[in-house]
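Written out below as structure tokens is the structure these notes cover.
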Amino acid sequence: MKAEGHPDYHFVTVVMTDGTEYQTRSTYGSEGDRLVLDIDSSSHPAWTGSTQSIDRGGRVSRFKDKFKGFGV
């Protein structure tokens, strides 16, 4: 088997939205990098059951501005 056929796995630190951290092996970045999550299982509506809209980069605001004239 070719040596270059497998990705380089190394340890990275994953930072959850609540600030907790853990180390795991990944192909992300390089050894010792930090992967800071914007959304995870403790804040995503699919796991929390809440239905709040999170405005990331103004997408919700642009949608509301575009369709503000419609009734509902």
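The values are calculated or read from the model by the stated rules, or taken from the named source; none is laboratory data. Remember, it's a predicted structure, so these values are computed and weren't measured experimentally. Methodologically, a virtual Cβ is constructed for each residue, glycine included, from the backbone with ideal geometry; neighbour enumeration extends over all protein chains shown. Heads up: the accessible areas ignore ligands, DNA and RNA and are worked out on the full protein's heavy atoms, side chains in. Shrake-Rupley method; radii C 1.70, N 1.55, O 1.52, S 1.80 Å.
Where only DSSP H runs of four or more residues are counted, the chain gives -4000 deg cm²/dmol as its mean residue ellipticity at 222 nm, each run worth -39500 (n - 2.57).
Between the listed residues TYR9, GLN23, GLY58, the Cα displaced farthest toward the positive end of the dipole of the chain, a dipole computed from Cβ unit charges relative to the Cα centre, is found at GLY58.
Between TYR28 and GLU4, the simple spin-label model (points 7 angstrom out along Cα→Cβ) gives 2.7 nm.
Within straight-line reach of LYS64, meaning a Cα separation under 19 Å, sit the following aspartates and glutamates at least 8 residues removed in sequence or on another chain: ASP55.
Solvent-accessible surface (1.4 Å probe) assigned to GLU31 amounts to roughly 120 Å².
Restricting everything to alpha-carbon atoms, can you work out Rg to Rh for the chain with a Kirkwood hydrodynamic radius? Kindly include the intermediate steps, with their values, before the conclusion.
Numbers: Rg = 19.0 Å, Rh = 15.7 Å.
Over the Cα atoms of the chain, Rg/Rh equals 1.21.
With contacts defined as alpha carbon pairs under 8 Å and 6 or more residues apart, what's the relative contact order of the chain in percent?
Numbers: 72 pairs, mean separation 16.4, N = 72.
Once divided by the residue count of the chain, the mean separation gives 23 percent.
Suppose every K and R has +1 on its Cβ and every D and E has -1 on its Cβ; what is the size of the dipole of the stretch 1-48 about the Cα centre, in Debye to the nearest 20?
On the way: 3 positive and 8 negative charges, 31 e Å.
The dipole magnitude comes to about 140 debye.
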